[in-house]
1. Identify all residues within the stretch B:127-170 that are more than 22 Å from the chain's Cα centre (by Cα) and buried (at least 24 other Cβ atoms within 10 Å of the Cβ); write none if there are none.
2. Across the stretch B:93-125, which residue is farthest from the chain's Cα centre (by Cα) among those that are more than 9 Å from chain A (Cβ to nearest Cβ) and among the charged types (D, E, K, R)?
3. Consider B:I541 carefully, then state whether it is touching a residue at least 40 places away in the same chain (Cβ under 8 Å) and not polar (S, T, N, Q).
4. Does B:K286 fit the bill of being assigned to a strand (DSSP E or B) and surrounded by fewer than 21 Cβ atoms within 10 Å (Cβ to Cβ)?
5. Considering only residues that are within 10 Å of chain A (Cβ to nearest Cβ) and in contact (Cβ under 8 Å) with a residue 40 or more places away in the chain, which ones fall in the stretch B:64-79?
6. Of (1) assigned to a loop (DSSP other than H, G, I, E, B); (2) surrounded by 15 or more Cβ atoms within 10 Å (Cβ to Cβ), B:A68 satisfies all except one. Which?
7. Taking the stretch B:474-501, which residues are outside any loop (DSSP other than H, G, I, E, B) and either at pLDDT below 95 or within 13 Å of ligand 1 (Cβ to nearest atom) (or both)?
8. Filter the stretch B:206-229 down to the residues that are closer than 22 Å to B:E482 by Cα and among the β-branched types (V, I, T) and list them by number.
Amino acid sequence: MTEQFEPRIVGFLCNWCSYAGADLAGTSKLKIPSSLTPIRVMCSSRIDPVLILTALLQGADGVLIAGCHPGDCHYNEGNYYARRRFAVLKKVVDSLGLESDRLCLSWVSASEGQRFAEVVNEFNEKIKKMGQNPMKKKML
Amino acid sequence: MNRKIGVYICECGPNIAEKIDIDKVIEAVTSLNDIVTVERYKLLCSEAGKNYLTEQIKKHSLTHLVVAACSPRDHQLTFMEVCENAKINPYLFQLANIREQCAWVTDNKEEATKKAIRLTKAAIARVRCHSPLEKKEIESNPDILIIGGGIAGIEASLQLAHSNRKIYLVEKNSFLGGLIKNFEKKYPEMQPCSASILQKIETIKKISNIKIFTDSEVQEILGFFGNFEVKVKNKKEKDIESFNVGAVVFATGSSLFDINKNPQYGYGKFDNVLTSLEFEQMNLSKKIVLKNNKTPKSVAIIYCVGRTDKGYCSEICCMYSIKFVRYLKDNIPDIKIVNFYSDLCIPGKSHQKFYEQTQGENIDFIRAENIDITKKGEQLNISYDDETNRKKNCIVDMVILSPALEPSVDAAKLAEFTGVPLGDGDFFAEEHEKLNPVSTSTQGVFIAGCAQGPKSISDTIIQAEAVTGKILSSLIPGKKIEPEVKVSQISESFCIGCKTCLDICSYGAITFDEMNKISVVNEVICRGCGNCVAACPSGAITLKHFTFNQIYEELKEAVQ
Ligand SMILES: Cc1cc2nc3c(=O)[nH]c(=O)nc-3n(C[C@H](O)[C@H](O)[C@H](O)COP(=O)(O)OP(=O)(O)OC[C@H]3O[C@@H](n4cnc5c(N)ncnc54)[C@H](O)[C@@H]3O)c2cc1C
Ligand code: SF4
Ligand code: SF4
Ligand code: SF4
Ligand code: FES
């Protein structure tokens, strides 16, 4: 099974930096695993823990949250809030017995198409090794 | 409501058509609920494409539109306009990005097609829970309040007045001109400075649409971009004047670091120890003399005073200290000058030359640390550690201290009652160091000159010009202001009045309604980041167009 395992990764991308970075990866014709489905939000700070947990419970094998580099958030400090919430959430996810390694927070600027591709590829490899989200099996 | 969703997939010439099996995508979504029609088209953003979409919307009486094409950063607005023209609310539209983030990043056509199906389904699921949003328009006042009558405030006033704007220029002192009124010349070109600013002040006084308030302070600024209510108090006559403006400029400049905090320099204790500003004034009055009225034979200039206390380099002190060497040599050709610096900061295309041309006989530059000044007879003894860490001494007639610049004493007060945050060194914080260097997080409030950080006269003028440009292009007479529509909303019944959201919002868009004990979003100020939504412990806040449901629907399709 693991050989044909095709992960499903949800990518929450902030409009101003990471979504633009992902677009640049496209215009630069870089390769990005099709396992990633991007969801555009205005700022990484919009992504509340409930959304991330919902993604996991819905069977996402990985959840990526990408925002502007620290200090560069279009709304000043949104990404600092995102970072703090993410740190807390990881602990909660662990204590619930879910795998916090399925979550990834990363900073990608509008000019970092290459970096976006690297982040997604790396995360995709990691998720492939981890295998399917056990929640998915439970649901089936 | 009976939804009628039309889905249009763009071929983008070969860009999408070659990478994605569009017919498979059509097949996959045609039978979904509410779908009236699914079509493919060559180039949707072309004039023909837009006309085609408009006709389709009318022909099928569509209520919602989904386009699968390029990035929303490219053509979201194009298609929203099509919706508007075809009389459907532009927010009942969703764009699936199957080009940049699908066709162009996926080699395998089958995989790309599957992903395109997921993205299109997600867009359809999302658009089903979209709500129409209405554009708001508010009348704006094109007048401008400028606080601070230094070169920053004067330049901004002059330029804005040239564009026929009404300006209210408020200065706390009894005279305009700020610091530079004291300088005979300005580095690096050594052109007259005080004389030229006095001339500008005369010009400004004659311009009828600039109203100048001296000896005055701003007491209150309420409202938002386009509509600020201002109260200005005359400190002498004690009367208060109120008026409305659309934008505010903070040009409150800076003051010198308080040297009394560094007693090792003997300032205030010994005669003939001056601050740089006192020396500028002495030079301007053409009487460079000691307390006993004699001409000094030797002078030491101490750079970087207070830099360690402040924790930043003030950018201009090295340069103006070098200017002092010029002043001194011009007035007293055989004077001996010793410059004690810690790091010479001479950036910029003409500054190095200025420094090199200021070298010569009886001019020493010494890198020193641990400077201590004591009295030695009529003279001053400077003890210091040189570059090799050896204790040395130097005896001079006069000492000039070049202290750091710090924000004007009133900056903190102004920051407090306007909610504009202070940043590094307690100078006003720009909205974004790189993207928006003269805006603040409060829309319609701008910063120019040393209020934003220590800088030269030319950099100050550049900022005043930038502010002018920003204001002229955003606050246009007769043009209504369109605030963001995708804003947050707080549900009265869910809010528990915990006030968490008040601190979270960087823009001060949320206030507390003491009567009802709930928080309220000011929709005109909210920028729609969604931070408060994620912070609210009781799920009381919704961000329009990025609601939980809308994102949830997208998410569900994404994991299929
Ligand atoms: C000794 C010295 C020499 C210098 N020499 C040079 C030089 O040769 N060349 C060069 O390029 N730069 C030089 N500079 C830098 C130069 O002084 C600044 O670039 C310039 O003064 C900045 O102008 P500004 O209008 O921002 O601030 P300021 O000149 O500080 O003016 C601010 C004005 O705002 C007023 N104000 C403050 N708070 C309020 C309030 N709350 N309400 C109303 N009014 C208020 C102040 O009274 C003042 O009039 C020198 C600086 C110093 C200290
Ligand atoms: S709408 Fe976008 S995808 Fe379609 S033709 Fe225009 S640029 Fe290409
Ligand atoms: S955080 Fe939520 S519950 Fe607390 S005051 Fe704000 S809206 Fe109300
Ligand atoms: S969405 Fe952002 S800008 Fe609007 S009220 Fe919330 S935190 Fe403030
Ligand atoms: S806008 Fe990119 S993280 Fe806030």
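1. B:V127
2. Ranking the candidates gives B:E110 first.
3. Here the answer is yes, as B:I541 does meet what is asked.
4. no
5. B:C70, the sole residue that qualifies.
6. With (1) assigned to a loop (DSSP other than H, G, I, E, B); (2) surrounded by 15 or more Cβ atoms within 10 Å (Cβ to Cβ) applied to B:A68, the lone miss is (1).
7. B:S474, B:I481
8. The one that is closer than 22 Å to B:E482 by Cα and among the β-branched types (V, I, T): B:I221.
The values are calculated or read from the model by the stated rules, or taken from the named source; none is laboratory data. Since the model is a prediction, treat every value here as computed from it, not as a measurement. Backbone-built Cβ (ideal geometry, glycine too); neighbour counts: all protein chains shown.
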